[in-house]
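Working notes, structure below.
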Amino acid sequence: MNDKIRIGLIYGGKSGEHEVSLQTALAVTAAIDMSKYEIIPFYITKQGEWRSGLQLQGPPKHIAELQFEPAASSEEAFSIQPIFNSLQPSGSIATDGAATNQQIDVVLPLLHGTFGEDGTIQGLLEMANIAYVGAGVLASSVGMDKVMMKRVFEQEGLPQCIFRHFTRTQWEKDNAYFIMEIEVAIGYPCFVKPANLGSSVGISKAKNREELIEAIHSAFLYDRKVIVEENVNAREVEVAILGNDDPEASVVGEVVSTREFYDYKAKYVDGTSSMIIPAEIPDELSERIRELAIRAYQAVDGSGLSRIDFFIRKEDNQLFINEINTMPGFTPFSMYPLLWKETGKPYAQLLDELIGLALKRHQDKQRLQYSFEV
């Protein structure tokens, strides 16, 4: 009898962070304990096409091994319906009354950015009643939309940098007003970001009006909504959160980048950033950061995992919360697993706990009643 937990690994995705997701999937498959788990990979192309591979017998050595090509002998080999049929929760019954061959105990959605970290895949899994690792629909969508996230943090009373936001339609209708508003309220330099993306994709630092306009146009390539934030002369620190209703915070880590800011290349490509773990800050400041991180996590109704990022203003050690990442990367350069390693949870143990948290949350949901009769 096979007692292994069967995990559906979903990665790739129709997102600007597709490559980041592939790197995360490669790292996770290299670290996960194959004696405990069976891995069924589900690859989503940049065009949004779902492709399923055979059960992984061992960790792939290259990203290309995770990018399955359609079988030439069958046009239906990777059509969407068989994929969703295989995403059946454990114990489900096929239409012929027999148990399905591809029972999935829990899904590990290693998707970053749009169509993955924003609540969409979580909604699909909720509809299918399948356990999955990470934040639910609400926390994912709020955490993905930087504007909504900041509004929730504001309601919670968390300190933040000055920001302004607008949609493409608003910008095209009256860009002169928004330029004036940014220059008066925020000034230069400032950071321009797509509201719904992560991993520093589409982010620019603008030092004058010309660069601001160019940065806004660049950000609109990735989202219909843009956010502009003040530049703070600050240290960047991060905290990893793990748990459901009773989360715990890791030690605090600091990111030091040799680039002008902690951009995509520094995070995932050239390794020009360095991570100081634990951060060299006073104990009372570290505890304050951990406390605020848990408050932020609970404010969005987080579950499973998140990484919370903060700024420490250099002139007076004033804290500002930057953002929450509900599906942080697990690449070799990623802060989240490194923070937990320093806290006492190595990579394999961290994955075990995340899977256990997902199963527990799913079991708790099964206690709910979804029908009402008078």
>> At 37 °C and a viscosity of 0.692 mPa s, what translational diffusion coefficient does Stokes-Einstein give for the chain, taking Rh as the Kirkwood radius over Cα pairs? Give it in µm²/s as a whole number.
In response: 151
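If we sort 48-59, 33-44, 10-21 on the protection proxy, mean other Cβ atoms within 10 Å, highest first, what's the order?
For the peptides 48-59, 33-44, 10-21, the packing ranking is 10-21, 33-44, 48-59.
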> Ranked highest first by average number of other Cβ atoms within 10 Å, how do 155-161, 280-286, 364-370 line up?
Replying inline: 155-161, 280-286, 364-370
> What does a probe at ASN244 reach in the range 329-373, counting residues whose amide N is under 20 Å from the point 7 Å along Cα→Cβ?
Replying inline: 349-371
> Could you state the per residue volume, in Å³, of the convex hull enclosing the Cα atoms of the range 298-374?
Replying inline: 135
> Taking the Cβ-Cβ separation of ASP33 and ASP364 as r and a Förster radius of 25 Å, what is the calculated FRET efficiency to the nearest 0.05?
Replying inline: 0.50
> Lys/Arg Cβ at +1, Asp/Glu Cβ at -1, dipole of the chain taken about the Cα centre: which of PHE68, ILE355, ALA176 is farthest positive-ward?
Replying inline: PHE68
>> Run the numbers for LEU54 and VAL256: contour at 0.36 nm per residue of separation, minus the present Cα-Cα distance, in nm.
In response: 68.7 nm
> By how many degrees, 0 to 90 and rounded to 10, does the Cα axis of helix 146-156 deviate from the longest principal axis of the chain?
Replying inline: 80
> R0 = 45 Å: FRET efficiency of THR169 with ASP3, Cβ-based, nearest 0.05?
Replying inline: 0.25
> Three principal axis extents, largest first, for the C-alpha atoms of the range 1-42, in Å?
Replying inline: 42, 17, 8
> Using modelled amide H (1.01 Å from N, peptide plane; none on Pro or chain starts), what sits under 5 Å from the amide H of GLU323, excluding residues fewer than 5 places away?
Replying inline: ASP309
>> Can you give the FRET efficiency to the nearest 0.05 for ARG313 and ILE179, using r as the Cβ-Cβ distance and R₀ = 30 Å?
In response: 0.70
>> Under a crude label model (7 Å from the Cα following the beta-carbon direction), how far is LEU285 from GLU373 in nanometres?
In response: 6.2
> Hey, got the dipole for the chain? About the Cα centre, +1 on K and R Cβ, -1 on D and E Cβ, debye to the nearest 20?
Replying inline: 280
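Taken together, the values in this text are just the output of simple stated rules run on the coordinates, not laboratory data. All values derive from a computational prediction rather than experimental measurement. Cβ: placed from backbone, ideal geometry, glycine included. Neighbour counts: every protein chain shown.
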